[in-house]
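Student: Have a look at this one.
Nothing in this text is a laboratory measurement; each read-out follows from the coordinates by a stated rule. Given the structure is predicted, the values throughout are model-derived calculations rather than measurements. So basically every Cβ, Gly included, is an ideal-geometry build from the backbone, and we count neighbours across all protein chains shown.
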């Protein structure tokens, strides 16, 4: 993301209020009592709106574990499809999702309400 957006987000940290409001729709991954990732379903539906893994903890399985847990919960709620989208520039996350069976449905420029900028995004889905 652009440096000015990074600075603003770092100072304002809009994610705290966002995560606090989501309650049970947020999962947290920990390794040895250290938070290494989180995932959220902002609207409580079958759209995984957020998945973040600490860059220092990438490759340790936290992202896969978060996805698997959310997929299991979605399936238990009767959803047959899980949806997720990612910034097109985030090749590592896109690769993870595709490795986990997600297929690309769309690609377009969209406004990110948290970052307050337009981003090239890719939408994916997976049958559960």
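Student: Say each of residue 5 and residue 98 gets a label point 7 Å from the Cα, pointing the same way as Cα to Cβ; how far apart are those two points in nm?
Tutor: Spacing of the two 7 Å Cα→Cβ label points: 2.2 nm.
Student: What distance in nm separates the two pseudo spin-label positions at residue 90 and residue 128, each 7 Å out from Cα along the beta-carbon direction?
Tutor: 2.0 nm
Student: Another question, then. Taking R0 as 25 Å, what's the FRET efficiency between residue 24 and residue 114 from their Cβ-Cβ distance, rounded to 0.05? It would help to have the intermediate numbers written out before the result.
Tutor: Details: r = 20 Å, r/R0 = 0.81.
Between residue 24 and residue 114 the formula returns 0.80.
Student: Can you list the residues of region 113-128 with backbone N under 19 Å from a point 7 Å past the Cα of residue 43, pointing along Cα to Cβ?
Tutor: The answer is 113-116, 119, 121-128, whose backbone nitrogens lie closer than 19 Å to the label point.
Student: Given 0.36 nm per residue, what is the gain on full extension from residue 79 to residue 32 after removing their alpha carbon distance, in nm? Each step should come with its number before you reach the end.
Tutor: Working: separation 47, 0.36 × 47 = 16.92 nm, distance 3.23 nm.
This chain segment gains 13.7 nm when fully extended.
Student: Within region 3-127, what percent of beta bridges assigned by DSSP are antiparallel, to the nearest 5? Mind showing how you got there, number by number?
Tutor: Details: 26 of 28 bridges.
Of the beta bridges lying entirely in region 3-127, close to 95 percent run antiparallel.
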